Amino acid sequence: MTELSKTETGDEATAKAPSAFLEVRDLKVHFPTDDGIVKSVDGLSFSVEKGKTLAIVGESGSGKSVTSLAVMGLHRLGARGKNVRMSGEIWLNGKELVGASPDEVRRLRGREMAMIFQDPLSAMHPYYKVGDQIVEAYRVHHKVSKKEARKRAVEMLDRVGIPEPAKRVDGYPHEFSGGMRQRAMIAMALVNNPELLIADEPTTALDVTVQAQILDLIRDLQKEFGSAVIMITHDLGVVAEIADDVLVMYGGRCVERGTATEVFEKPQHPYTWGLLGSMPRIDRETSERLTPVKGQPPSLINVPSGCAFHPRCPYADIPADNVSRTVRPELELVGAGHWSACHLSAEDRERIWTEEIAPKL
Amino acid sequence: MSETKKTDTAAKAAVPEQASAPDEREVLLKVENLTKHFPIKKGILRRQVGAVKAVDGIDFEVRKGETLGVVGESGCGKSTMGRVITRLQDPTGGKISFEGQDITRLSTGEMRPLRRDIQMIFQDPYGSLNPRHTIGSIVSAPFRLQGVEPEGGVKKEVQRLLELVGLSPEHYNRYPHEFSGGQRQRIGIARALALKPKLVVADEPVSALDVSIQAQVVNLMDDLQEELGLTYVIIAHDLSVVRHVSDRIAVMYLGKIVELADRNALYEAPMHPYTKALMSAVPVPDTTRRGQKSERILLRGDVPSPIAPPSGCRFHTRCWKATEICRTTEPQLVELKPGQRVACHHPENFADQAPQDTVLLSAAKEASELVPDTVLSGGSQDGTGSEADSRSEAESEAKSEAATGTSAEPEQEQEQEPGSKTEAVAESEAAPEPEAGSEGASDKEQASAAEESGSGAGSASGPEAEAAEPASSPEAAGDPEPVSGSDDAPKSPKPKGE
């Protein structure tokens, strides 16, 4: 991570007006429901610099998408805003977003921060032409004529690699294939040259060949525009491919965070080990069996006490005094720019990783 | 559907069984030249104006106890294939035999006893369980429908099955919504296993699940195979998962199998360019590999429409190795190495098998060494199939002849080339992406190209005779599958390329 984030650990951040481009501090997003409070995000801190990519990894229901929607200010829209409790701070380029008025956030949304959604078919309006939707996104933030905006839309479609952009600009979303639709959505997200791009599972619905194209495209565009990118995914392969930093989420909290190299080569949290062990790998000799994480992801209403991962963790009994079940571990510095929230001692982690986990991967 | 059945002509082509495979296990399921076309109807009369060729002539067999993985991009027909081999949908043509019995045209009633032996696991754990039925009634449905009374009663058996797939027997009276995705998939597996099937076709069994849960289900299927001696056909788009679970793997592209090989052979030395591209695109969780971006083969564009697949080799529109022959002649699925069948004119890690190439003969020879001579001399394809083959060959030769003929005029060469290409494509009614250059070529030039190609096809003797000889060689190499052990021996040795 950055110099700034090296000085702060986990949830304890005190300095105002951070120097990082995007900084999230102790973000909490809770949804009160009839069954209880769903703590989707429960104290999350991270930062992203311009030109860098942060990947947020986790299972479904770990709070990845809720985090991204919180950054985009999309939880407070309409009546649904009444049903969410948000606290913490989100600093984008020196502006605080959690306390900002919806109008302020709206001015930033689309212009300074944009989002690519997982399912382009439902994210685009089926009734409007693709070009018109891009034009609208542009004209909201730029006072230009329709003609100019249209020119810009064609330019963007061309930039994301859609053949015959001048023709396709008048096509409807259903006339585009899955990969093309995802490209069109990237064009829409990038039409205002946003400085922060959030991609929520941008390639999950796509075939590997198209996925490779889209990842390449995102990487190239990032180089060109120098944006900060938050990539939300559950595919560790994609993460290794594209991310500078990785944040592993479990049960609404960060359990491990660090540079991609650190997290992949010296993962420190049993959950990260579990994720790595669950993946069949195409680049290694096939092992006879995968080593899955046993059990089910936790309920976010009744998050397990202590370490949220302890019911599924094979090493929960190693730390003394039953701390795994009673005390919630905080993020601790475990390497250069590498934090992990685990009660296991450094020696135990080292031993388990080198002796038990790494040989099986 | 019945109309398409009638139109099907080449269906009965019997490709000799492959018996020289290293694995001599009994063949459980055999699929020959299977096709499934969905008619497109338009107008008041609902006349058929075309067909989505979802599965367009595939051959493979599944041996007892093995796992065959089927991979391909979305829209390549892999799921349709799965539904057709389980007879959930009727095939348009071809033949499916299960344990030696032809099940292609069995009626619903005749199929019913066989349903015990062939079961399916579906992709969507949310859509495949009736939300108004309890788990007990879902898993016991196969017993009810088949009129089977298991030992110790239905309830006891269902609870045993639930335990087998890692659920608690107390879940008997619960409803599907009370379960998570991974647990639902287990319920689907329990239902599929209820009648002790011989063959289980699993369509994307884990793609809707989280990674950690995915691994649990993969391991479960693995264990059950060992315990119950199951045979799987696993359809998936995730190449890493398929590699993990399969013994042999078929790679599909636009309704055809382009490569069929043992797992290790396929992943270590893929021979079809598409397989290679597909595998290079899989992201690997290893940051040290990040610098090696150049290894990746990026395919351009999308999969062409299966309504009008490209002429010749279907992959030529996206293939970096494509040459003229790929646009005109469809490559046959040929056994180039023991246990590795590939449909490509310019395979990776192997000598080209395209007719114009001089290396052809050596390739054919190598291939022929792998199989008994009797097969090669015996033509090995009978009736309509070979006729259709030779006809399309003659056509394609005419086309390539046209191409070379027109390029004889030097100043027109550049414009003529795309023009004649378009002709070739248009003739086979397969032009999803018209060649970019074709718009530039004037009508007159196109007309002359058409004329040339017409005359080429008309005057049979001259160019045909020339083309006949090289064309015969790939056919010889093209049917290395030996017939030993199968009774559908070739009827008459028939020279190819007429």
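Miscellaneous remarks
- Gyration tensor (alpha-carbon) shape descriptor, segment A:168-212, a/c threshold 1.5: oblate
- Rounded to the nearest Hz, the phi-derived 3J(HN,Hα) couplings of segment B:57-71 under the Karplus curve 6.51 cos²θ - 1.76 cosθ + 1.60 (θ = phi - 60°) are x, 10, 10, 6, 9, 10, 9, 4, x, 9, 10, 9, x, 10, 10, where x marks glycine and proline.
- Segment B:2-266, relative contact order in percent, only Cα pairs under 8 angstrom and at least six apart counted: 25
- From its DSSP helices (H runs of at least four residues, each -39,500 (n - 2.57)), chain A gives a residue-normalised ellipticity at 222 nm of -9000 deg cm²/dmol.
- Length-normalised contact order for segment A:207-303 - Cα pairs under 8 Å, 6+ apart - percent: 17
- Separation in nanometres of the label points that stand 7 Å from Cα toward Cβ, at residue B:269 and residue A:355: 4.1
- Approximate spin-label separation residue A:177-residue A:34, in nm, with each point projected 7 Å along Cα-to-Cβ: 4.6
- With a cut-off of 12 Å between beta carbons, the residues surrounding residue A:160 carry a summed charge of -1, where Lys and Arg count +1 and Asp and Glu -1.
- Loop trypsin sites (Lys or Arg not before Pro), segment B:105-145 (other Cβ atoms within 10 Å of the site Cβ: 13 or fewer; DSSP): B:105, B:132
- Label sites at residue B:320 and residue B:137, each approximated as a point 7 angstrom past Cα along Cα to Cβ, lie 5.7 nm apart.
- With at most 15 other Cβ atoms within 10 Å, longest stretch of chain A clear of loop chymotrypsin sites (Phe, Trp or Tyr not before Pro) (DSSP): A:129-361
- Remark: mean inter-chain Cβ contacts per residue of B:239-249 equal 3, using a 10 Å Cβ-Cβ cutoff to other protein chain atoms.
- 10 Å Cβ shell holding at most 10 others, DSSP loop, trypsin sites (Lys or Arg not before Pro): longest site-free stretch of chain A: A:144-361
- When each of A:50/A:151; A:146/A:223; B:95/B:198; A:28/A:52; B:64/B:256 is checked by Cα-Cα distance, pairs over 26 Å: A:50/A:151; A:146/A:223
- For segment A:269-360, the relative contact order is 25 percent, taking Cα pairs closer than 8 Å that sit 6 or more residues apart in sequence and dividing their mean separation by the residue count.
- Neighbouring Cβ atoms from other chains, within 10 Å of the Cβ of residues in A:253-264, number 1 on average.
- Among the GluC sites (Glu not before Pro) within segment B:97-190, those in coil by DSSP and having at most 10 neighbouring Cβ atoms inside 10 Å are B:151.
- All other residues whose Cβ lies under 10 angstrom from that of residue B:269 are scored, Lys and Arg at +1 and Asp and Glu at -1, for a net of 0.
- FRET efficiency, 1/(1 + (r/R0)^6) with R0 35 Å, evaluated for residue A:219 and residue A:167 via beta carbons: 0.80
- Taking 15 Å as the cut-off, the amide N atoms of segment B:189-215 that come nearer than this to a point 7 Å along the Cα-to-beta-carbon line of residue B:180 belong to B:208-215.
- Amide hydrogen proximity for residue B:256: with H placed 1.01 Å from N in the peptide plane, the residues at 5 or more positions away or on another chain lying under 5 Å are B:56.
- Cβ-derived FRET efficiency at R0 35 Å, residue A:83 paired with residue A:107, nearest 0.05: 0.90
- Cut-off 14 Å between beta-carbons: net charge of the residues surrounding residue B:98, Lys and Arg +1, Asp and Glu -1: +3
- Shape call, segment A:244-302: gyration tensor on alpha carbons, a/c limit 1.5: oblate
Taken together, the values in this text are just the output of simple stated rules run on the coordinates, not laboratory data. Just so it is clear, the model here is predicted, and its values are computed rather than measured. Every residue, glycine as well, gets a Cβ built from its backbone with ideal geometry; the counts of neighbours run over all protein chains shown.
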